[in-house]
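The values are calculated or read from the model by the stated rules, or taken from the named source; none is laboratory data. Since we're looking at a predicted model, the values are computed, not measured. Note that we place each Cβ from the backbone using ideal geometry, even for glycine, and neighbour counts take in every protein chain shown. Remember, those area values only see protein heavy atoms, side chains included, never the ligands or the DNA or RNA. Shrake-Rupley method; radii C 1.70, N 1.55, O 1.52, S 1.80 Å.
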Amino acid sequence: MYRAILRTTAVLSVVLASVTSAHAASRVFVDVPRAGSTQPSSFIIGGWMLDFAATRDNGVSGMHVWAYSNAGLPSIFVGEITRGARPDVGAAFGKQFTQSGYSILVRNLPPGSYTMVLTPWSTVLGGFDYPAAVFFPINVSSGAAPVAMPPPSAPATPPAPSSGGKELRLLQWNTHHGGFGTDGAYSPDRVATWAARMNPDVITFNEIEQNTSWGRQDQAEVYKALLQQKTGKAWYYVFAQEFGQWTANGKGNLILSTYPINVTERYELMRNADRSIAMAEITVNGRQITIVSTHLDPYDQALRLAQATEVTTWASAQPENRIITGDMNAWPDQTSIAQFNRYYYDSWTTAAQHGTATAFSGNNGETKSGRIDFIFYSKSAANLAVKSSQVYDTRDAAGTTPSDHRPVLTTFIVK
């Protein structure tokens with residue numbers, strides 16, 4: 001059974017598939033893809049789920065996804081969903097339902113016509129709530145085109161910030177394994193000293209190591225302590241290790257914030273080569289801000305495009321106002337950056353258009369050999385405007401820098 005449901009929360013107005021359970025109050029809502037659409041062999045299913053009979057949590061702790069061939073071929077178990085945060089659902093139905101988001105990457109489904117079946121596991125029932133299962137048709141093409149979303153309607157050049165609002169200073173920096181400088185010396189203190197001088201509210205660091213041979217420290221904790229010492233402020237963080245084993249040692253992406261973090265999420269890219277997403281949702285000037293940090297493949301341009309597509313698709317299920325940052329390992333003219341530009345403004349470009357992008361003598365925004373570190377913000381973010389953006393010269397008297405990347409900081413106005 002299908003019915004159109006207009007979401008009253010702020011993220012999207014879409015057609016969702018749902019079924020009312022006869023035994024519990026479970027509901028499953030599908031945001032992407034659209035029922036009856038044609039998809040490539042690999043695509044993302046995402047949305048939200050809850051059980052209205054739950055009293056302490058969202059009531060749905062998992063979900064199995066199957067693909068049933070309409071040609072009578074054997075059914076295919078796609079897998080179990082990954083849960084995530086949906087602050088918009090929590091705002092609409094109560095905080096206990098905040099962790100109601102889900103997503104799963106369907107990989108290498110043969111061409112054909114399918115009925116996708118999503119069956120929730122209800123904590124109220126202590127089992128699968130089969131009457132609440134969602135059925136929706138999907139056609140899979142033989143092509144391998146990336147998952148696509150319709151681009152939002154937005155001006156090519158975003159407006160300059162108007163008066164009022166609150167500044168949000170966001171620093172993006174690849175730390176080169178947590179602080180190995182161009183002199184080969186390991187010093188998180190050098191990185192933290194520079195970062196503190198820039199007076200950021202939020203920092204997104206790439207290549208943070210957790211108890212590896214690169215420094216042999218839990219660098220997330222090291223940077224939290226150093227920043228608290230150097231700024232006199234409390235710092236909060238979320239760390240996403242790159243190959244998805246969240247409690248294991250390894251390299252990853254770190255988001256640090258002087259604002260308390262309301263919701264965190266971590267996601268391992270399926271088009272991987274050991275890449276991940278860290279997400280933090282904070283509140284600034286009474287507005288939700290969703291910050292997503294990632295780090296794309298340095299070697300393969302086609303893989304970077306696939307990863308950028310997965311990042312933008314995954315992020316589309318997160319609430320506005322969205323900011324995506326990271327070492328994208330691509331210059332602005334590459335296809336992976338064009339993928340981000342479909343749905344996001346590049347804050348450095350916005351600042352340059354308004355005459356507020358600054359660097360230093362001999363630098364035009366390059367963060368390494370080119371401009372490969374980015375701070376994007378959503379074209380649908382109603383409460384964000386760019387005031388300025390700056391690439392910093394971190395050389396000392398000897399010409400040594402604390403990382404092989406230069407930091408970039410964008411100042412947003414949160415309206």
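Just to be sure I understand, if you calculate mean projected area of the Cα convex hull in nm² for this structure, which of [x] 23.9; [y] 20.8; [z] 37.0 do you get?
Calculated mean projected area of the Cα convex hull in nm²: the matching label is [y].
Order the following by accessible area, largest value first: Leu305, Leu168. Probe radius 1.4 Å; ligands, DNA and RNA are ignored. Don't skip to the end; give the middle numbers.
Details: Leu305 55, Leu168 0 Å².
I get Leu305, Leu168, largest accessible area first.
Taking H placed 1.01 Å from N in the peptide plane, check which residues at least 5 places from Asp31 or on another chain put their amide H under 5 Å from its amide H.
Gly46, Gly47, Trp48
Please give, to one decimal in nm, the separation of the simple spin-label points placed at Arg56 and Ser37, each 7 Å out from Cα toward the Cβ.
Distance between label points: 3.7 nm.
Give the ranking of Ile261, Ile203 by solvent-accessible surface, highest area first, calculated with a 1.4 Å probe. Mind showing how you got there, number by number?
Values: Ile261 35, Ile203 0 Å².
Reading off the accessible areas and sorting them downward yields Ile261, Ile203.
How big is the stretch 257-342 in terms of Cα radius of gyration and Dmax, in angstroms?
13.3, 41
Whole number in Å², please: accessible area per residue of the chain, 1.4 Å probe, ligands, DNA and RNA not counted. The partial results should precede the final answer.
Values: 16480 Å² over 415 residues.
Using a 1.4 Å probe on heavy atoms only, each residue of the chain averages 40 Å².
Please work out the FRET efficiency for the pair Ala156 and Ala352, using the Cβ-Cβ distance as r and a Förster radius of 22 Å; give the result to the nearest 0.05. Numbers along the way, then the final one.
Working: r = 14 Å, r/R0 = 0.62.
So the FRET efficiency works out to roughly 0.95.
Two decimals is fine: what's Rg over Rh for the stretch 284-415, C-alpha atoms, Kirkwood radius as Rh?
Numbers: Rg = 15.0 Å, Rh = 15.4 Å.
In the stretch 284-415, Rg relative to Rh is 0.97.
Arg406: accessible area at probe 1.4 Å, nearest 10 Å²?
70
For Cα pairs less than 8 Å apart in space and 6+ apart in sequence, what is the mean separation divided by the residue count of the chain, i.e. the relative contact order in percent?
On the way: 1081 pairs, mean separation 59.8, N = 415.
Normalised by residue count, the contact order of the chain is 14 percent.
Where does the chain land at 222 nm, in deg cm²/dmol rounded to the nearest 500, when only DSSP H runs of n ≥ 4 count, each adding -39500 (n - 2.57), divided by all residues? Walk me through the numbers before you get to the answer.
Details: 7 runs with 65 residues, N = 415.
Mean residue ellipticity, 222 nm, calculated: -4500 deg cm²/dmol.
Please give me the summed charge of the neighbours of Tyr344: other residues whose Cβ is under 14 Å from its Cβ, Lys and Arg +1, Asp and Glu -1. Display every interim value, and only then the final one.
Details: positive: Arg322, Arg342, Lys379; negative: Glu320, Asp346.
Within the 14 Å Cβ shell, the charges total +1.
Name the residue from Ala91, Ala302, Tyr130 whose Cα lies farthest towards the positive end of the charge dipole of the chain, charges +1 on Cβ of Lys and Arg and -1 on Cβ of Asp and Glu.
Ala91
Quick one: order Tyr236, Tyr299, Tyr392 from most to least accessible surface, probe 1.4 Å. Let's see the in-between values first.
Working: Tyr236 90, Tyr299 195, Tyr392 40 Å².
Greatest to least solvent exposure: Tyr299, Tyr236, Tyr392.
What pairs in Lys224/Lys415; Lys233/Lys415; Lys95/Lys387; Lys251/Lys368; Lys233/Lys368; Lys230/Lys387 have C-alpha atoms more than 22 Å from each other?
Details: Lys224/Lys415 28 Å; Lys233/Lys415 24 Å; Lys95/Lys387 33 Å; Lys251/Lys368 20 Å; Lys233/Lys368 30 Å; Lys230/Lys387 26 Å.
The answer is Lys224/Lys415; Lys233/Lys415; Lys95/Lys387; Lys233/Lys368; Lys230/Lys387.
If the chain between Ala185 and Trp331 were fully stretched, how many nm would it gain, using 0.36 nm times the residue separation less the Cα-Cα distance?
Values: separation 146, 0.36 × 146 = 52.56 nm, distance 2.79 nm.
Difference between extended and current length: 49.8 nm.
Give the carbon-plus-sulfur fraction of the accessible surface of the chain in %, rounded to a whole number; probe 1.4 Å, heavy atoms of protein chains only. Show your work: numbers first, answer last.
Working: 8480 of 16480 Å².
On the chain, the fraction of accessible area on carbon and sulfur atoms equals 51 percent.
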